[in-house]
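Everything on this sheet refers to the single structure shown next.
Please treat every number below as a calculation from the coordinates, not as lab data. Keep in mind that this is a model prediction, so the values were computed, not measured. Glycine gets a Cβ as well: all are built from the backbone with ideal geometry, and neighbour counts include every protein chain shown.
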Amino acid sequence: MASTDITIYQAYLPHDDAKAAISFYRDTLGFEVRKEVEYGDMHWITVGPPGQPGTSIVLHPPTADPGITDDERRVVAEMMAKGTYAGINLATPDVDATFERLQAGDADVVQEPTDQPWGVRDCALRDPAGNMIRIFEVK
């Protein structure tokens with residue numbers, strides 16, 4: 001098997017409120033805001049964990065694609081409202097301590113720290129756009 005020098009650089013999550021997204025990712029999760037780009041009424045925000053400049057999340061307008069139809073826009077909005085459109089898994093060495101900090105910050109908790117049957121301990125919350133964020137304990 002050949003080795004690879006491919007790494008994860010960016011992941012994309014939709015947002016529908018730039019101020020709420022920045023507040024959540026910066027103030028609640030503790031990520032850095034690395035870049036903001038506005039174009040018309042659309043707003044892209046790049047955030048990432050301090051000390052990890054090579055890994056970012058790009059928060060994007062979910063319907064920025066000019067080819068998207070009105071029906072598709074409606075479906076995206078419905079899925080975001082349900083929290084089924086997008087998600088990301090994050091990791092921390094102490095999920096219980098991280099959960100306590102996030103819960104104190106008024107995070108939208110979906111699941112408290114739980115030992116899963118597949119061998120991981122994790123918790124889950126939603127960002128202001130409804131994206132599912134699972135945080136795994138990785139030591």
ask   = For LYS139 and ALA81, what is the calculated FRET efficiency with R₀ set at 41 Å and r taken between the beta-carbons, to the nearest 0.05?
value = 0.70
note = Here the percent of antiparallel bridges among DSSP beta bridges lying wholly in the chain, to the nearest 5, is 65
message = Can you compute the FRET efficiency between ASN89 and GLU38 using 1/(1 + (r/R0)^6), with r the Cβ-Cβ distance and R0 = 35 Å? Round to the nearest 0.05.
response = 0.75
key: Three-way shape label, the chain, alpha-carbon gyration tensor, a/c 1.5   = prolate
remark   = Total charge of the residues flanking HIS43 in space, meaning their Cβ is under 12 Å from its Cβ, with Lys and Arg +1 and Asp and Glu -1, is -3
request  = For the range 121-138, take each phi angle, set θ = phi - 60°, evaluate the Karplus expression 6.51 cos²θ - 1.76 cosθ + 1.60, and give the result in whole Hz per residue in order, putting x for glycine and proline.
outcome  = 9, 8, 9, 9, 8, 10, 7, x, 8, x, 5, 7, 10, 9, 10, 9, 8, 10
key: Vicinal HN-Hα couplings computed from phi for the range 69-75 (Karplus, 6.51 cos²θ - 1.76 cosθ + 1.60; Hz; Gly/Pro x)   = 8, 4, 4, 5, 4, 5, 5
inquiry  = Using a 7 Å offset from the Cα along the Cα-to-Cβ direction at both SER3 and THR114, what is the distance between the two label points in nm, to one decimal?
reply    = 4.0
request  = Quote to one decimal, in nm, the extra length available between ARG101 and ASP65 on full extension: 0.36 nm per residue of separation minus the C-alpha distance between them.
outcome  = 9.4 nm
request  = Please sort 83-94, 65-76 by packing, taking for each peptide the average over its residues of neighbouring beta carbons within 10 angstrom, highest first.
outcome  = 83-94, 65-76
ask   = Per the helix-only calculation at 222 nm, which mean residue ellipticity applies to the chain, given -39500 (n - 2.57) for every DSSP H run of n ≥ 4 and division by its residues, nearest 500 deg cm²/dmol?
value = -6000 deg cm²/dmol
query = How much of the DSSP beta bridge set in the range 1-74 is antiparallel, as a percent to the nearest 5?
reply = 65
message = Going by amide H atoms built from the backbone, whose H comes under 5 Å of the H on VAL110, apart from near neighbours?
response = ALA124, LEU125, ARG126
task = Once you have a ≥ b ≥ c as the square roots of the Cα gyration tensor eigenvalues for the range 80-139, tell me rounded if a/c is under 1.5, and otherwise prolate or oblate according to whether a/b is larger than b/c.
result = oblate
